[in-house]
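Below: one structure, written as structure tokens.
The values are calculated or read from the model by the stated rules, or taken from the named source; none is laboratory data. Everything numeric here is computed off the predicted structure, so don't read it as measured data. Here the Cβ positions follow ideal geometry from the backbone for every residue, glycine too, while neighbour counts run over all protein chains shown.
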Amino acid sequence: MTPDQPETVSLYQQIDQASLSLDSSFTFQCHADLPCFNQCCRTPTIILSPYDLLRLKQGLGITSTALRERYTRQEIEPNSNLPLIFIDAYRSPEGGCPFLGAHGCTVYPHRPAACRLFPLTMGSRLTADGVEDHYFCRRLDYCQGFAGEAEWTVASWMANQGFGEYDLGRREWLEILLKAGLTEQLVVDAHIQDLFATLAYDLDKFRRLVFDPVFLEAYDAYDIKAEAMEDLRTDDLALLKFSYRYLPTVLSAEGAQKMTAVIRRSTRFFEVD
Ligand code: SF4
Ligand code: SF4
């Protein structure tokens, strides 16, 4: 970092609150008999990582393009100037998460990391020593879960909610965003934002691009072993990890130009799912 750069950047606003440690304890019990049941899903602010999108599209059995179009909205993250995807909770007149049904979350087994973590939230910042995570407790006035008797630590809550694999799947993306927020000379225009959004958040389009010979030729990727190629064809997670390699490359004017030229020459990229 140069002396002029800010010391930290965060995707979350709660970073200034007192944070918890992994051993911090709290009591919490959420269940369908509480009068507040589902209330927290009526005005949610949920950032979806590429891994969240992957799990949701698999769970719903739809393409990543359809998932983005039907259920999400995009906003630009102010520090990095890069796009973030949110669950679009304000699309219908009655509002609320589009995955909220009469009996609760309809995508519960595939719910995003932020939903798993709640009532905790996590803020991450990049320091000279790497990514630093901070945990916070979000005590919404109406949330009666804190009156429950079940005792947790931050670590045991995360384990219980299956947060770990969701966190692992988004780490590289998170670091790229945080780094971009600290890179003063980075000029992110609308074109770069579009490319970033496609690579990070539209896995099915990225797969079509990867299997187009123009991509393999441009990125000298012909030497990828047949087995790895088969993984990219059939395994969304392998493809997601592969896309993380290319995300930083489109953040420069030169890299963006190269990727754009490849996309323009690709016939498969523009195929409709
Ligand atoms: S207890 Fe809290 S987390 Fe559970 S439904 Fe009520 S408001 Fe939501
Ligand atoms: S995805 Fe499920 S848990 Fe998350 S806000 Fe929507 S309904 Fe609630």
Here is a check on your reading of the model: is Glu151 in contact with a strand residue (DSSP E or B) (Cβ under 6 Å, 6 or more places away or on another chain), surrounded by fewer than 14 Cβ atoms within 10 Å (Cβ to Cβ) and assigned by TED's automatic domain parsing to the domain that holds Phe37?
yes
Search result, residues across the stretch 42-63 that are at pLDDT 95 or above and either within 16 Å of ligand 1 (Cβ to nearest atom) or touching an Asp or Glu at 6+ places or on another chain (Cβ under 6 Å) (or both):
Leu54, Thr63
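In the stretch 61-99, what count of residues is obtained for those that are farther than 30 Å from Thr249 by Cβ and away from ligand 2 (no atom under 11 Å from the Cβ)?
First, the residues of the stretch 61-99 that are farther than 30 Å from Thr249 by Cβ: 61, 89-99.
Imposing the further condition that a residue be away from ligand 2 (no atom under 11 Å from the Cβ) reduces the set to 61, 90-95.
Number of matching residues: 7.
Looking at this structure, is Lys205 under 25 Å from Arg55 (Cβ atoms), in contact with a Ser or Thr (Cβ under 7 Å, 6 or more places away or on another chain) and either acidic (Asp, Glu) or surrounded by 16 or more Cβ atoms within 10 Å (Cβ to Cβ) (or both)? Let's see the steps before the verdict.
Working: under 25 Å from Arg55 (Cβ atoms): yes; in contact with a Ser or Thr (Cβ under 7 Å, 6 or more places away or on another chain): yes; either acidic (Asp, Glu) or surrounded by 16 or more Cβ atoms within 10 Å (Cβ to Cβ) (or both): yes.
In short, yes.
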Would a scan of the stretch 105-121 turn up a residue that is touching a Lys or Arg at 6+ places or on another chain (Cβ under 9 Å), among the basic types (Lys, Arg) and either within 16 Å of ligand 1 (Cβ to nearest atom) or at positive phi (or both)?
yes
Could you count how many residues in the stretch 116-153 are over 29 Å from Thr183 (Cα atoms), away from ligand 2 (no atom under 16 Å from the Cβ) and hydrophobic (A, V, I, L, M, F, W, C)?
5
Given the structure, is Pro44 of a type outside the set (Gly, Ala, Ser) and over 12 Å from the mean Cα position of the chain (by Cα)?
yes
Ser156 versus (1) under 24 Å from Asp23 (Cβ atoms); (2) in contact (Cβ under 8 Å) with a residue 24 or more places away in the chain: which is the lone unmet condition?
(2)
From the list Ala102, Ala113, which one is closer than 26 Å to Leu34 by Cβ, more than 8 Å from ligand 2 (Cβ to nearest atom) and surrounded by fewer than 17 Cβ atoms within 10 Å (Cβ to Cβ)?
Ala102
Can you tell me which residue within the stretch 134-151, out of those that are away from ligand 1 (no atom under 12 Å from the Cβ) and more than 21 Å from Pro44 (Cβ to Cβ), is modelled with the highest pLDDT?
Glu151
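Taking the stretch 50-59 only, how many residues are within 23 Å of Phe269 (Cβ to Cβ) and surrounded by 16 or more Cβ atoms within 10 Å (Cβ to Cβ)? Write out each step before concluding.
Step one: filter the stretch 50-59 for residues within 23 Å of Phe269 (Cβ to Cβ), giving 50-51, 53-54, 56-58.
Among the residues that remain, those that are also surrounded by 16 or more Cβ atoms within 10 Å (Cβ to Cβ) are: 50-51, 53-54, 56-57.
Selection size over the stretch 50-59: 6.
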